[in-house]
1. Step by step: first the residues of the range 362-397, then only those that are within 13 Å of ARG349 (Cα to Cα) and without any contact (Cβ under 8 Å) to a residue 12 or more places away in the chain, then the one that is farthest from the chain's Cα centre (by Cα). Which residue is that?
2. From ASP222, ASP289, which residue is modelled with pLDDT of 95 or more and farther than 30 Å from GLU189 by Cβ?
3. Here are the criteria: (1) surrounded by fewer than 15 Cβ atoms within 10 Å (Cβ to Cβ); (2) modelled with pLDDT under 95. Tell me which single one ILE398 does not satisfy.
4. Select from the range 253-277 the residues that are within 23 Å of LYS331 (Cα to Cα) and touching a Pro at 6+ places or on another chain (Cβ under 8 Å) and list them in ascending order.
5. Return yes or no: is ALA314 within 38 Å of the chain's Cα centre (by Cα) and within 25 Å of GLN285 (Cβ to Cβ)?
6. Tally up the residues in the range 164-180 that are surrounded by 14 or more Cβ atoms within 10 Å (Cβ to Cβ) and either in contact with a strand residue (DSSP E or B) (Cβ under 8 Å, 6 or more places away or on another chain) or under 14 Å from THR138 (Cβ atoms) (or both), please.
7. Report, by residue number, each residue of the range 181-211 that is more than 17 Å from THR138 (Cβ to Cβ) and buried (at least 22 other Cβ atoms within 10 Å of the Cβ).
8. Where residues in the range 53-97 are of a type in the set (S, T, N, Q) and surrounded by 21 or more Cβ atoms within 10 Å (Cβ to Cβ), which of them is farthest from TYR111 (Cα to Cα)?
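The values are calculated or read from the model by the stated rules, or taken from the named source; none is laboratory data. Note that the structure is a prediction, hence the values are computed from the model and not measured. Here the Cβ positions follow ideal geometry from the backbone for every residue, glycine too, while neighbour counts run over all protein chains shown.
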Amino acid sequence: MTNHAEEMMSALQLGQVDQAQKAFDLSLKEDSDDLVFSLAEDLYAMGFVDESKQAYQQLLAKHPDEDQLKSSLAELAIEEDQLEEAQDYLAQISPDSEAYLQSLLVKADLYQQEGLQESAELSLTKARQLAPDEPIVTFALAEFYFSTGEYNKAISLYRSLLLQGQRRIAKVDMAARIGTAYAAVGNVENAIAYLEQIKPLDLTIDTKFQLAFLYQEQGQIDQAIDLYEEILDQDPHYTSVYPLLGQAQEKANEKKGALQTYQAGLSYDQTNPLLYRLTGNLAFQLADDSLAEESYKKALALDDLDLTTIAALADFYLAKHDYDQTIRVIKEAGEKDLVDPKFNWDLARAYHAKELDEQAKPYWQQAFEDYPADTDFLHDLADWYHETGQIAAEKETIERLLAITPDDFEMEGRLADLED
């Protein structure tokens, strides 16, 4: 008996395209229907949609009542975005057909392509009613809920598959899905518990990243750092890691290491404003003013509407007593309708430092509306009132501050002096 289907698969594995095409043509002419059907399935799994479709269509022409072929052709039509063609095939499959269960799964996929989520759910729940113990059906419904963000429903179904001994279906690890779903609903402990069940060799790089992120969220900084570094050893181009690894290293008080991490990330991705801002923040802390300023400016060159970076640059200039630059940065932000409550506080201090207290006054007032219970602000405000001779306002501000922090003995002494 001829087996040109096997010849084609062997030729494909060897990269012999012309030989594979010849074997395919011969398979359609000479192989048994069973071999052609198996070949069509294998070709679809390998991504050869056109050849798979041709084989199925030939079989359907010979067996027009074979609903399994219609279901498979509908699946291929969806793959090619031929939704009306898919509908036509599925409409031909009646509820009493042996292929009806599979057609419901394909129909659910079709409905999702069309954005009809309720209809997709109805098809999948109907399929599960028909075959409650069929893992692929339960998995399909779980995947639907996972994709639509109904994570608690998805978790229940994935867990039922695990209880059936179904750890992997269609190359998807149930524990990984459950862990991801728990993370999505904010249950970090359960998420970690499930992701840690995956054997190290089975951990995809994306799952490693998620687990490392969860470790970081949970405060397990050393575990997070180890896993982030493992990811970068595996793929240094995985640039999402660098900001998080650097922040974890900062948390572990490894500031120089964190700076090296940010700069390493920038060597792979020079279009990431977050990495530039984080570099600027850390360089500022490490007293590398030149690097800090340069990094902030590069971040803003990439995204001049990034309010967080603008605020950081304004704070940098204020700390360096460059009050004109502080005012300029904040004013330019205002021209772009970018507003941060701290800008009023910064402007108040900058104008006061320039001895322009009339210009500072409205900013102190506006800042007070945003920071009425901020002890650092109230300290600054009390000092400003003191330096501008507004004794009654200074006294009132200190009283407000002491109501919040009654053990501030320095301010308590100042208040006593004012009352003498």
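1. ASP383
2. Values: ASP222 fails: farther than 30 Å from GLU189 by Cβ.
Unique residue meeting the criteria: ASP289.
3. (1)
4. Initial filter on the range 253-277 (within 23 Å of LYS331 (Cα to Cα)): 273-274, 276-277.
Matches in the range 253-277: LEU274 only.
5. Working: within 38 Å of the chain's Cα centre (by Cα): yes; within 25 Å of GLN285 (Cβ to Cβ): yes.
When the stated conditions are applied, ALA314 passes them.
6. Restricting attention to the range 164-180, the residues satisfying the condition of being surrounded by 14 or more Cβ atoms within 10 Å (Cβ to Cβ) are 166-167, 169, 172-180.
Filter again for either in contact with a strand residue (DSSP E or B) (Cβ under 8 Å, 6 or more places away or on another chain) or under 14 Å from THR138 (Cβ atoms) (or both), leaving 166-167, 169, 172, 174, 177-178.
Adding up the residues that qualify gives 7.
7. Here is the first cut: in the range 181-211, the residues more than 17 Å from THR138 (Cβ to Cβ) are 182-211.
Passing the criteria: TYR182, ALA191, TYR194, LEU195, LEU211.
8. To start, the set of residues in the range 53-97 that are of a type in the set (S, T, N, Q) comprises 54, 57-58, 68, 71-72, 82, 87, 92, 94, 97.
Then drop every residue that is not surrounded by 21 or more Cβ atoms within 10 Å (Cβ to Cβ), which leaves 71-72.
On the way: SER71: 15, SER72: 16 Å.
By that ranking, first place goes to SER72.
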